[in-house]
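Structure first, commentary second.
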Amino acid sequence: MSDKKIIKIHNKSDKPDNIVIRDNTLIERCINIENKLPKFMKDYFIYLKGSVAVSTRLAYLEDIHFFCSYLVESQELTNASDIKDITQSEFDRISARDVNLFLGDYCSRYYRQTDKNTLIFENNNRALARKKSSISTLFKFLFRNEQIKNNITDGFNPIKLPKPQPDAIKRLEIDEVAKMLDAVDTGEGLTEKEKVYWKKTKLRDKAILALFVTYGLRLNELRELNISSFNFSRGEFKIYRKRGKEVLMPINHTCESVIKDYILNERPQSELLEEDVRDALFLSLQKKRLTPKAIRSLVKKYTSISMETSRESGYSPHKLRATAATSLIQTGFSIYDVQNLLDHDNVTTTQLYAAHKKNVKRDIVNNFEWIDDDNDNKEI
């Protein structure tokens with residue numbers, strides 16, 4: 001008999017059960033890591049709980065657990081043989097130099113032994129910067145909380161991140177989007193094996209791709225959509241964004257049409273489904289909510305067809321987010337409108353997509369001539 005407890009939702013919020021379950025899973029992972037860390041960090045755990053999104057909280061805790069594992073493994077800064085036994089006084093003796101050595105020397109390349117292999121792990125500057133940020137929040141809090149004597153974070157070495165280049169942004173061109181949507185309609189470009197599944201899922205796949213390229217949704221924002229997320233009479237639907245934000249989005253005719261077509265003509269009827277997925281919008285052939293892996297796979301497949309490249313070279317859902325941004329800007333919408341639609345924290349992120357409008361001034365001027373070329377050659 002299994003000892004595993006069944007989780008039942010007693011949901012009094014207006015969030016759908018799948019969002020509550022998703023957040024609860026992340027919270028349980030946070031608590032599991034907290035139980036492995038030293039007890040003197042308890043005040044910091046409470047601080048994270050009330051100040052950052054649960055996904056950020058989990059990322060910080062994972063990085064701090066990794067740092068504490070390093071302390072125990074190296075045995076240079078603690079005598080503890082278990083992470084929980086690291087003391088506050090030992091943390092107080094950690095210097096900025098110690099953290100810089102951890103980030104710059106150990107983290108950039110480290111090894112893990114298994115029964116059969118030696119695994120090599122490498123972190124690029126972006127990953128190192130995130131670890132630095134996680135450790136910085138801990139030491140700053142401990143200093144403010146008067147648990148350590150000095151704020152050592154000012155001595156942390158800077159980590160240079162590559163400046164994003166507009167030309168490096170991968171996205172589909174407008175004609176490639178049309179070709180991708182045509183491929184879902186016709187099955188052109190699919191292998192015979194792929195066509196077997198396509199016949200059963202083409203309405204679902206078209207609705208997914210249409211939502212991605214229209215709204216620039218993040219993968220999880222799309223995956224967590226429910227039938228109840230849509231209010232067709234009001235012409236809107238609700239999504240749950242990062243940091244727990246609830247956002248109402250207007251729905252255009254195209255997306256309303258493809259979603260209704262999928263629900264009415266392809267999606268299994270809700271009464272035939274298990275209770276936990278009756279409201280889920282996008283289902284697999286196994287009648288489960290689509291996994292992130294399955295969504296990435298179908299996007300790669302259809303984008304590779306539109307670009308006439310291999311399946312491995314197809315684009316991820318995030319590239320369709322970039323496609324939506326650049327297409328909207330090229331159509332004439334302002335970067336601030338696009339920033340709002342895509343939920344960018346900083347408008348400079350949106351400006352990267354605007355940079356694709358190269359030579360726009362030249363195009364405007366060249367297509368707005370006051371004097372015809374023929375008049376230039378006439379004698380006065």
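Values quoted throughout were computed directly from the atomic coordinates according to the rules given, and no laboratory measurement underlies them. These numbers come from a predicted model, not from an experiment. Here the Cβ is made from the backbone with ideal geometry for all residues, glycine too, and neighbour counts use every protein chain on show.
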Subject >> Estimated inter-spin distance, GLU122 and ASP182, nm [label 7 Å along Cα→Cβ] >> reply: 4.1
Original post:
Between THR56 and GLU146, how many nm apart are label points set 7 Å from Cα along the C-beta direction?
Top reply: 2.7
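As a quick test, which of the pairs LYS131/LYS170; LYS179/LYS319; LYS195/LYS300; LYS36/LYS116; LYS179/LYS199 have an alpha carbon distance above 20 angstrom in this structure? Intermediate values should be presented prior to the final figure.
On the way: LYS131/LYS170 27 Å; LYS179/LYS319 16 Å; LYS195/LYS300 15 Å; LYS36/LYS116 27 Å; LYS179/LYS199 18 Å.
Too far apart for the 20 Å limit: LYS131/LYS170; LYS36/LYS116.
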Subject >> Relative packing of 318-325, 198-205, which averages over residues the other C-beta atoms within 10 Å, highest first >> reply: 318-325, 198-205
Subject >> Paramagnetic reach from GLU90 (point 7 Å along Cα→Cβ, amide N under 15 Å) across the stretch 32-62 >> reply: 36-41
